[in-house]
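Peer 1: Structure in structure tokens, see below.
The values are calculated or read from the model by the stated rules, or taken from the named source; none is laboratory data. The model shown is predicted, which means the values in this text are computed figures rather than measured ones. Backbone-built Cβ (ideal geometry, glycine too); neighbour counts: all protein chains shown.
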């Protein structure tokens, strides 16, 4: 609790264009209209799941660059990550771009991990336009972390459904109307959970840790924000987060929401809700950005949560270490 | 160094619906059994196959149906609904092999499909053989003399 982990971005860091691309189930969900591009099926016109996910990430990055009115050569750096071994989705997508690139891995927290790194680099003054992007695909993640997609083993209610999609944002020091005001870097929190089919329970303590430190470091109350959004705690993890926060004397129930709950409806076959790098990425860069653009909210704290496991560690009876990274967004008047 | 969150997490733990799951498994698994028996009767009475061969034909038919429905993307819904009832019969075994084979398709025939097929079913074979060996040994020592 002592160590400061929140950095205020006083020099002016802004979000310019964002890009999102999703699969059919996400398009059919309640936020469908907020996504820039969608694909008819999970293959996204490609020959296998891995190339499909590359298509989604390529979509998101190119859309975000185009919407910013920029070209590849204007971008100083791309920070991107995904869930697949060795970050191959991001690595392979960046073959086709002549832009310096750093792959990052933070499991489902990758969206805010890359965003906060981009923000800090911009505020440092050496970079002008940095892209932050993340992707996930239900079938690539299922096959790597769980079972073959057509395997008939029953899934428990606590399980989350990996979002098929990708989100990208151009972070810049050029003034625009969405400002990034501060970031909080997460700590690895292991709450001694060992059920990989219930990542919400495992990640909730990491989310509360980051939110509490963010509020304490900046000495602000939760209602400073119109909204505090977590990445993919789902139905199960949300309840635990709210209870931990209450025990700490901080009530965020009225302003809290979870991307994993927002992206799908109750009747979609997603068990406890959405998860994956794309979950927080597409909700933040699609829906939340729209809420800011349309002045429905002014300040929002996005806290992306990640379960830092892999199947081998789970078979070795290890517990699940988790992390949560936070970025604060603020709508500002362009003329200021 | 981490705080203990286990109390709150355990309090909010979602319990599996044991009764509903068991009931569905009983109905679905039982139905697969009834269907298998109907197939045996069909082969014996209509196609005039002898009983031993009818049994094998029934198993092969169930394996084929499960493999086809897996390929058509239907079996996983059946598995989600029927739970152990869809998993325990030979249909579950067939599904585990077909789904793994489908998944391996993009990596080629030998190292993709060939190497992946027994990824899930392999342990069933291993422990099937091991337990058959142990039981056979017990039978040999105690009941054969």
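Peer 1: Please list, ordered by first then second residue, the pairs with beta carbon atoms under 9 Å, 6 or more apart or interchain, first in the range A:186-197 and facing chain B (nearest Cβ under 10 Å), second exposed (fewer than 15 other Cβ atoms within 10 Å of the Cβ) and outside any loop (DSSP other than H, G, I, E, B).
Peer 2: Listed pairs, sorted by first residue: A:191/B:6; A:192/B:6; A:193/B:6.
Peer 1: Check residue A:124 against each of (1) surrounded by fewer than 18 Cβ atoms within 10 Å (Cβ to Cβ); (2) in contact (Cβ under 8 Å) with a residue 12 or more places away in the chain; (3) within 22 Å of residue A:15 (Cα to Cα) and name the one condition it does not meet.
Peer 2: The one condition residue A:124 does not meet is (2).
Peer 1: Right, next: Only one of A:327, A:312 is under 25 Å from residue A:149 (Cβ atoms) and either in contact with a strand residue (DSSP E or B) (Cβ under 6 Å, 6 or more places away or on another chain) or without any contact (Cβ under 8 Å) to a residue 40 or more places away in the chain (or both). Can you tell me which?
Peer 2: Going through A:327, A:312 in turn, the sole match is A:312.
Peer 1: I've got another one for you. Any idea how many residues of the range A:271-299 are surrounded by fewer than 24 Cβ atoms within 10 Å (Cβ to Cβ), in contact (Cβ under 8 Å) with a residue 60 or more places away in the chain and outside any helix (DSSP H, G or I)?
Peer 2: So the answer is 4.
Peer 1: Kindly indicate the residue of the range B:69-86 that is crowded, with 23+ Cβ neighbours inside 10 Å and more than 7 Å from chain A (Cβ to nearest Cβ) and also farthest from the chain's Cα centre (by Cα) among those meeting that condition.
Peer 2: It comes out as B:82.
Peer 1: Also: Name every residue in the range B:87-119 that is at pLDDT below 90 and either at the interface with another protein chain (Cβ under 8 Å from one of its Cβ atoms) or not in a loop (DSSP other than H, G, I, E, B) (or both), in order of residue number.
Peer 2: Across the range B:87-119, the qualifying residue is only B:87.
Peer 1: Check off (1) modelled with pLDDT of 95 or more; (2) under 25 Å from residue A:90 (Cβ atoms) for residue A:270 and give me the number that stays unchecked.
Peer 2: Residue A:270 satisfies all of (1) modelled with pLDDT of 95 or more; (2) under 25 Å from residue A:90 (Cβ atoms) except (1).
Peer 1: Kindly provide the set of residues from the range A:140-177 that are modelled with pLDDT of 95 or more and within 11 Å of another protein chain (Cβ to nearest Cβ), ordered by number.
Peer 2: Residue satisfying the conditions is A:140 alone.
Peer 1: Within the range B:17-25, can one find any residue that is more than 8 Å from chain A (Cβ to nearest Cβ) and crowded, with 17+ Cβ neighbours inside 10 Å?
Peer 2: yes
Peer 1: What's the number of the condition residue A:204 fails, among (1) modelled with pLDDT of 95 or more; (2) more than 9 Å from every other protein chain (Cβ to nearest Cβ)?
Peer 2: It fails just one condition, (2).
Peer 1: Checking residue B:47 against (1) in contact with a helix residue (DSSP H, G or I) (Cβ under 9 Å, 6 or more places away or on another chain); (2) without any contact (Cβ under 8 Å) to a residue 12 or more places away in the chain; (3) within 9 Å of another protein chain (Cβ to nearest Cβ), only one condition comes out false. Which one?
Peer 2: Of (1) in contact with a helix residue (DSSP H, G or I) (Cβ under 9 Å, 6 or more places away or on another chain); (2) without any contact (Cβ under 8 Å) to a residue 12 or more places away in the chain; (3) within 9 Å of another protein chain (Cβ to nearest Cβ), only one is false for residue B:47: (3).
Peer 1: Related question: Go through the range B:58-68 and count every residue that is buried (at least 16 other Cβ atoms within 10 Å of the Cβ) and free of Cβ contacts under 8 Å to residues at least 24 places away in the same chain.
Peer 2: 2
Peer 1: Looking at residue B:8, is it over 30 Å from residue A:203 (Cβ atoms), within 14 Å of chain A (Cβ to nearest Cβ) and without any contact (Cβ under 8 Å) to a residue 24 or more places away in the chain?
Peer 2: Considered against the rule, which asks whether it is over 30 Å from residue A:203 (Cβ atoms), within 14 Å of chain A (Cβ to nearest Cβ) and without any contact (Cβ under 8 Å) to a residue 24 or more places away in the chain, residue B:8 comes out as no.
Peer 1: Does the range A:222-235 contain any residue that is farther than 29 Å from residue A:138 by Cβ, out of contact with any helix residue (DSSP H, G or I) (no Cβ under 8 Å at 6 or more places or on another chain), within 14 Å of chain B (Cβ to nearest Cβ) and assigned to a helix (DSSP H, G or I)?
Peer 2: no
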